[in-house]
Structures are given as structure tokens and as C-alpha cells.
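Below: the structure, in C-alpha cells.
Nothing in this text is a laboratory measurement; each read-out follows from the coordinates by a stated rule. Predicted model, so just to flag it, every value in this text is computed and none were measured. Methodologically, a virtual Cβ is constructed for each residue, glycine included, from the backbone with ideal geometry; neighbour enumeration extends over all protein chains shown.
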Amino acid sequence: MTSGSEDPTALRLRSATLAFGERTLWDRLDLEVAPGEFLAVLGPNGSGKTSLLRVLLGLQPLTSGSVRIGGLPAGKGNRRIGYIPQQRTIEPTLTVRGRDLVGLGLDGHRLGLGLRGRAERRRRVDAALRSVGASAFGDRPLGLLSGGEQQRLRVAQALVGDPALLLCDEPLLSLDLASQRMVSELVADSARRKNAAVLFVTHEINPVLPVVDRVLYLVDGRFRIGTPEEVMTSETLSELYRTPVQVIRLADRILVVGGENGAAHHHHPAEETP
Ligand SMILES: Nc1ncnc2c1ncn2[C@@H]1O[C@H](COP(=O)(O)OP(=O)(O)OP(=O)(O)O)[C@@H](O)[C@H]1O
């Protein structure tokens, strides 16, 4: 846990509202996330998931309310935050190596430019590559790696600076089911080891279900926060979507049928289990 003088919460939103013009993305959101906690952020397209991460990164001011990261106001370049941005395809011609990408996660960390600093930088990058099982391909050009391998490196980049808060924006998109599980577990294990809190934006709860502590579900300005058992019910989701939604539990999976976003659960064929 954190020392006594620090804020015991990794992040705290109080009555946080974000609106663009007439459109309110979320209204009076109260959220506290503890160190080591894994929060999945769910919701249909345009419900404000990415905007929430941008607020925490200090890139987007709130319309009203307050935000604190480890007790401090959100601000740009916060080294306590690790960030996995929404995935872009890496050009196959990109010759930058994985370890260079991971090293970018140390920019802004004052390790010095001398020999000592360079050695320390290398030691940390090597450790981060090892922690995601990427040592074998860390020296290969990024563009030639598979989606799952690239995603491991993005996780390593986000973790190399030892963040207290890890923000992940749909890191599972376009990965096959096995890679989705692998990346989810990697993020959860690494964060838990360092007692870092995780906000994990995803369309699909199933790959993260085994590691999720709580869910924040955003729909059209409304939201619910709770354990998956509390939030992922027909009653709660029907209320949120204001239309009948059926939640079906099938073995260890949750199927959501109906709701304006019902189809979103089938947008990404890679996410479906045979
Ligand atoms: N700076 C801005 N000015 C005006 N509108 C914005 C701004 N930033 C985001 N929006 C709008 O807010 C809405 C929410 O966007 P956001 O990217 O947060 O949604 P999301 O839940 O992450 O969606 P997706 O699942 O599609 O990624 C969108 O309709 C977007 O166009």
C-alpha cells in the first residue's frame, strides 16, 4: 500500500461532468479507484470512454467537478500514469525496434544522458521486455511483428516507468481470443505486482472478466459502477440503455443481447468464442 502521507486512492473523480455543447457524456460521476484495483470501462461507441482517459491524462478539462490522481490534480506529462492509446496499425515498413518503443516510456524520467543513465535505461527496458515475455523479439522491427507481439510491447512501454495508474484504451481490438486473454492477464498481473490501478476501456467484458474488480458502464450520459455481478444484469443494463436488454450467463461468459449497443458485442469477430 501507499505510505501514510499519500492519498490512498489512485484516482478520484468527484461530481465530474463532461459535456460538449448540448451533449453530456457523463454527469456527476463519482469514482474512486484504489491502488491495485482493476476497473473495466464499458459502453457503446461515443459514450465517453476515451474522453474519460483524456481527462485523467490532463488533456481534457472537466465541465464541472474535480479530478485527482494520487491526490494531485490531473496534468499533462504525469509520470505516475502509464498509457496504452487506442491501437493503430503499425506500418509493416516501420523499422523502429520494439525496445525503442518501450524506451519511449522512459522519456521524461530523469535518468541522465551519461553512461550511468544509459545503462539504467537499458536495464529498465530489458526488465520491461522480460516482464511481458518480449525479450525474444525486442530487437526486431516493429512492423514485422504480429498484433499480439506489438501489443505486448505497448504494455511494456506503458509499464516501464513504474506507473501508479495504468490507462488502457481498447488494447484488445483486433487481437485473437488467445492474445486477448494474454494481454488482459499481462496487464492485470503487472499492475497487481506493482500495486498500480488499471482503467481498462473495452467493448467486450469477457476477456477481462477473470481479472476485473469493478465495472464502470457508460451509456448516453448515464452510468453504473459496481462489480460485474452487480452491473452486468438484465435489470441494470435495461435501465441504463432504457430499452430491454438481456444478460445471459453462459458458463464463464456473459452475453448481452439487445440495447443500442447489442450489436457492438459482435463487431469484432475475433472477440467471439466458437
Ligand atoms: N473535444 C471534443 N469536442 C467535441 N466533441 C468531442 C470532443 N472529444 C470527444 N467528443 C465527442 O464525444 C463523444 C465521446 O467520444 P469518446 O471518444 O470519448 O467516446 P468513446 O466512448 O471512447 O467511443 P468509442 O467506443 O467509439 O471509442 C463523441 O461523440 C465525440 O465525437
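With each pseudo-label sitting 7 Å past Cα toward Cβ, what's the residue 222-residue 246 distance in nm, one decimal?
Result for the modelled spin labels: 2.0 nm.
May I ask you to derive the FRET efficiency for residue 126 and residue 32 from their Cβ-Cβ distance with R0 = 35 Å, giving the value to the nearest 0.05?
Calculated value: 0.50.
Return the long-range amide H neighbours of residue 41 (sequence gap of 5 or more, or a different chain), with a cut-off of under 5 Å between placed amide H atoms.
200, 201, 202, 216
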